[in-house]
Every structure is written in structure tokens, then in C-alpha cells.
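Inspection log for the structure reproduced underneath, given as C-alpha cells.
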Amino acid sequence: MKLATRISRISVSKTMAVMEAAIKLREQGIDVVDFGPGEPDFPTPDNVKQAGIRAIQENFTKYTAIGGIKELKKAIVEKHSRDFGSKYDISECVVNFGGKHALFNVFAAVADEGDDVIIPTPYWVTFGDIARYVNANPIFLDTKEADGFRLTADLLARSLTPRTRMVVVNSPNNPSGAVLDNEEFGRIAKLCRDRDIFLLSDECYSHFLYDGRKPFSVASFTDLKSHIIIAGSISKTYAMTGWRIGYVLALPEIIGGIVKLQSHSTSNPTSISQKAALEALTGPQESVGIMLAEYAKRRKFVLERLRAIPGVKCAEPGGAFYAYPNISAAFGRGGVKDSVDFSAKLLEKVHVAVTPGEAFGTSDHVRMSYATSMEQLDKGLKRMHEFMAGL
Ligand SMILES: Cc1ncc(COP(=O)(O)O)c(C=O)c1O
């Protein structure tokens, strides 16, 4: 059957393929260690769950304003301002069904057919496919592993053309965990303003920073606000992936475009989730620090164990909850040709699921999520070590 061209331009997320293979093995009763999932293994904090339950009991179960309830938008802009020093009015905020939906709606509102959208590599799988869906051109810009996969203003300046409409930056980065230097981020934003290009900053992991580094948003450069678009999410920060709440902060014209689109597609984000999100942002914040401390422990453990595997190199992830080791030393051994092969054989032989770097635009790496227990990390890394040694 012939489907619409726009659907043929995109493919199912490559990260799903590993997940499905791991599920099949599990169904056969095999003990799989899964480093695939990009979601917190913690439960949603109790105060947030209670707010959701209260919303149901109080019959807050009907349509709300399309762009989200006023209290939630107020909580988002106020928290963003407290955390990062940004200055947004509630007319510059729209609530969406998660960060992915926020990003999708930004692309739909801003990128025209034939526009170039610059996406630094390694990138989160979804960026390229959203660009293709809206018939824009994703332009992948390689960053260097030796520089910790960090984008610089110089590198970006060399790749801008009159067709460039938007640059997507995701710091802390999925998959590499790379975190941009704050001043460099400012230089990138200034370059975008000077060249009249939008800078879309995906802040999904903005609260997951290590070694005492403070959360940062490029929106703290308030004088560059005209060209900055923030896509935010509460999914990871509050272990709320299933509740589906994200947001966009941008000029009122862009927000208006997104609200128009939501008015004909999703309508309002789920009323119950909005109340839960309101509690997450305005209630006690202790759970965020507790989860972060646990991720920090795991990150240290994973890095030590990965670097102890002969041939494996791993850049230090400054944020998020992923490690992105270079496993190219395995290529040419035991029939392993590339990282897709590596991941398939690792799963088949020792039942450890990782995501091949191909999904993120690099071929020498695999992504490992450490949003899982220490026990699983220990078991999986032992198996991976043995696998590499036996190739
Ligand atoms: C870089 C990045 N941005 C955005 C998202 C979207 O998350 P959500 O739609 O759950 O808010 C994810 C989720 O994995 C992500 O990794």
C-alpha cells in the first residue's frame, strides 16, 4: 500500500529495535541485562502521584486550555527563571505532551520545506526524523570525540548557509552525555542571533549534571531571547516519563503557532498530568537530588569498569545518564564489523542490550544507559568484559 510521502521519509526509532530484540529473549526466559532504556528506573515521587490522584478525585478530568493551564505555565516560567535566570512571560510558554511533542511542534511551527536544520552528531535519533517529516533538510554536523563531542561556535559558523533556519543543541547530550561550556553556548546563541537563525535548545537532561556543576540554560542570555527556543521536559527530572508533559519557551508568535497546531491535533495535554506536573515543579524537590546522587555513583562505577576493558575508550559524560564508549577495538575480531554487529552479538552471546552508535550518527560507539540498578550494571559490565576478551 502506498502511504503518504511524509511517512515514508521517516523510520521507526532505531533504539526500539534493540528493545524489541531484548524483549524477545526475555520472553524465552533468558536473563537479559538491558542498558537500552533512556528512562529513570525510579518511581515517580509520591507527592506527584498523589497530586494526580487528587486531580481525578476532584474531577479535574475535562478539557483544559489547549496550551496548558495557567498555573502550570506560571510554575514553568517561574521555575525556569529561579533555576536559570531566564525571563519568560506565560504568553511565551506552551505545555505539550512531553519533550518529544514539544520538539515536534517547534519544528512544525518554525522549519519550512527546504530549510536546513543543523543537528550536531552524535544526536538523539528523533531530531533528524522530525526534520524529514516536516520536509526540512537535517544537516548533520560532526563533532569530535577528542573534543568530548562538544559543538563550538567556530564549527557551527563554518557550516551555516543562507538556507539554515535552525540549529538544534542538546546539552547534556543524549547519547554522549557531553555538556557544552556555558560561555561557548552563549557564543553559539550570539552567532544564531547575528545570523538570524533559531537556536533550539533541548533541555531534557538539564538537571542531570555531575561533579558539582550547576544546571544551566542558554535562556539565561536574556538579550538573545529573540532567537532562542527552549524545549523542556519533566520526564527525566521527576521520573515521570509516562505522564507525558513537556513545554516550549519562545517568542509569543512561535507559541501561538504551536497552540494553533495543538488546537487541531492533540488539544490540551492530559489534565491529570498537568496537575501532577504542577506539583512536581512547585512541591518538594528532594527527590531530584536523591536520584542525581544515585546516577552519580553509577556513572563513576560504569566509567571505571568500561575503561578497565582492554581496547574500550570512553569520554567522560558530564551529564544525562548515558555512557558512550568507543568499542571500535572490537571491529575485525570475532566477525564484528561495526557497532550494529557488536550490539547484536553482545545481545546474542552474553545477553546484554546496548544501542549501536549508528542510531545516533557515529559508527564506533554504543550507548549504555545507567538508569538501572548497580546490580544490573555490575552483571552487565562483567559480561561485556568477558565478551570483549573472548572475541
Ligand atoms: C534528548 C532528548 N530529548 C527529548 C526527549 C523527550 O522525552 P519526553 O518526550 O519523554 O519528554 C528525550 C527522551 O528520551 C531525549 O533523550
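Points to keep in mind about this one:
- Of all residues making up region 21-53, the number that are more than 27 Å from residue 124 (Cα to Cα) and either touching a Lys or Arg at 6+ places or on another chain (Cβ under 7 Å) or polar (S, T, N, Q) (or both): 5
- Qualifying residue in region 190-209 (condition: polar (S, T, N, Q), more than 10 Å from the ligand (Cβ to nearest atom) and in a loop (DSSP other than H, G, I, E, B)): yes
- Residue in region 22-38 that is within 30 Å of residue 351 (Cβ to Cβ), aliphatic (A, V, I, L, M), touching a His at 6+ places or on another chain (Cβ under 7 Å) and open to solvent by less than 20 Å² (accessible area, probe 1.4 Å) present: yes
- Of the helices (runs of 4 or more DSSP H) that lie entirely inside region 1-101, those containing 2 or more residues that are modelled with pLDDT under 95 and out of contact with any Ser or Thr (no Cβ under 6 Å at 6 or more places or on another chain) span 5-8, 14-27.
- All positions within region 146-179 that are touching a residue at least 12 places away in the same chain (Cβ under 8 Å), part of a loop (DSSP other than H, G, I, E, B) and more than 19 Å from the chain's Cα centre (by Cα): 152, 160, 161, 163
- Checked against the criterion of being open to solvent by 50 Å² or more (accessible area, probe 1.4 Å) and either more than 16 Å from the ligand (Cβ to nearest atom) or under 20 Å from the mean Cα position of the chain (by Cα) (or both), the candidates 312, 336, 340 yield just one match: 340.
- Taken as a whole, region 257-266 holds at least one residue that is assigned to a helix (DSSP H, G or I), open to solvent by less than 10 Å² (accessible area, probe 1.4 Å) and either more than 11 Å from the ligand (Cβ to nearest atom) or under 14 Å from residue 76 (Cα atoms) (or both).
- Qualifying residue in region 92-106 (condition: touching a residue at least 24 places away in the same chain (Cβ under 8 Å), more than 11 Å from the ligand (Cβ to nearest atom) and open to solvent by 10 Å² or more (accessible area, probe 1.4 Å)): yes
- Under the condition of being in contact (Cβ under 8 Å) with a residue 24 or more places away in the chain, more than 14 Å from the ligand (Cβ to nearest atom) and not in a loop (DSSP other than H, G, I, E, B), the residues counted in region 214-247 number 9.
- Single residue of 180, 155 found to be buried (at least 21 other Cβ atoms within 10 Å of the Cβ), closer than 21 Å to residue 198 by Cβ and modelled with pLDDT of 95 or more: 180
- Test for residue 138: is it within 16 Å of the ligand (Cβ to nearest atom) and open to solvent by less than 20 Å² (accessible area, probe 1.4 Å): no
The values are calculated or read from the model by the stated rules, or taken from the named source; none is laboratory data. Treat the numbers as computed from the prediction; the structure is a model and nothing was measured. Using ideal geometry, Cβ is built from the backbone for each residue, glycine included, and neighbour counts are taken over all protein chains shown. The area values use the complete protein model at the heavy-atom level, side chains included, leaving out ligands, DNA and RNA. Shrake-Rupley method; radii C 1.70, N 1.55, O 1.52, S 1.80 Å.
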